[in-house]
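Below you'll find the structure, written out as structure tokens, and then a few comments.
Each reported figure results from applying straightforward, stated rules to the coordinates on display, with no laboratory input. Not measured: the values here are computed from a predicted model. Every residue, glycine as well, gets a Cβ built from its backbone with ideal geometry; the counts of neighbours run over all protein chains shown.
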Amino acid sequence: MPLLLSDLFRFTVSPWELVIRGTAMFLLLFGIFRFVLRRDVGGVGLADILVLVVVSDAAQNAMAGEYKTISEGAVLVGTIVAWNYFFDHMAFHYRWFAKLVEPPPLALIHHGKVIRSNLRKEMISVDELKSQVRLKGLETFAEVKCAFMEPDGAFSVIPYEKEKGA
């Protein structure tokens with residue numbers, strides 16, 4: 001039996017089922033990446049890529065069910081893109097929503113003192129923090145007024161201002 005062009009675009013699964021599956025998986029993955037894997041979003045290493053590939057494969061199976069056509073795939077992708085746009089739109093226009101979906105910066109150093117409980121919370125070693133301080137051209141924690149892990153996983157370091165004439 002020859003494959004007809006119309007077979008590529010017909011629905012074998014209800015479009016509403018695809019929207020519900022896409023919505024459920026988007027919200028689940030958003031929650032995981034927002035609350036569990038916060039630090040890994042900013043930096044992309046080999047393990048991060050592996051996690052993303054495995055998660056995307058598992059999510060695709062959960063979202064797709066048994067879809068087989070381009071139309072069904074388009075509905076699923078459209079659902080995910082729509083949720084992503086909606087979240088971005090809401091976060092841009094409503095501060096309360098931005099606070100909900102974007103984690104605040106996490107203080108790691110305050111007036112030269114390391115906040116070890118926050119390092120433990122994000123599983124950041126003191127050596128890793130030292131490395132980030134050195135990347136900003138500083139040698140010791142005592143030179144740091146404050147340091148944060150930003151919402152995207154990047155580190156920001158604010159040094160004490162040097163006195164003029166020194």
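For a quick check: with amide H placed at 1.01 Å from N, whose amide H comes under 5 Å from VAL144's, ignoring anything fewer than 5 positions away on the same chain?
Result for VAL144 returns GLY112, TYR160.
Mind listing the phi-derived Karplus ³J(HN,Hα) values for the range 108-120, rounded to whole Hz, using 6.51, -1.76 and 1.60 with θ = phi - 60°, and x for any glycine or proline?
10, 9, 10, 6, x, 9, 6, 9, 5, 5, 6, 5, 4
If R0 is 41 Å, what FRET efficiency do you get for GLU102 and PHE11 from their C-beta distance, rounded to 0.05?
Working from the Cβ atoms, E equals 0.70.
Using a Förster radius of 41 Å, what is the FRET efficiency between ALA74 and MET123 based on their Cβ-Cβ separation? Nearest 0.05, please.
With a Förster radius of 41 Å, E is 0.55.
Taking amide H positions as placed 1.01 Å from N in the peptide plane, with prolines and chain starts having none, which residues 5 or more places from PHE155, or on another chain, fall under 5 Å of its amide H?
Amide H neighbours of PHE155: GLU150.
Quick one: net charge around GLU143, please, counting Lys, Arg +1 and Asp, Glu -1 for every other residue with C-beta under 12 Å from its C-beta.
+3
Which chymotrypsin sites (Phe, Trp or Tyr not before Pro) in the range 93-166 pass both tests, a DSSP loop state and at most 16 other beta-carbon atoms within 10 Å?
TYR94, TYR160
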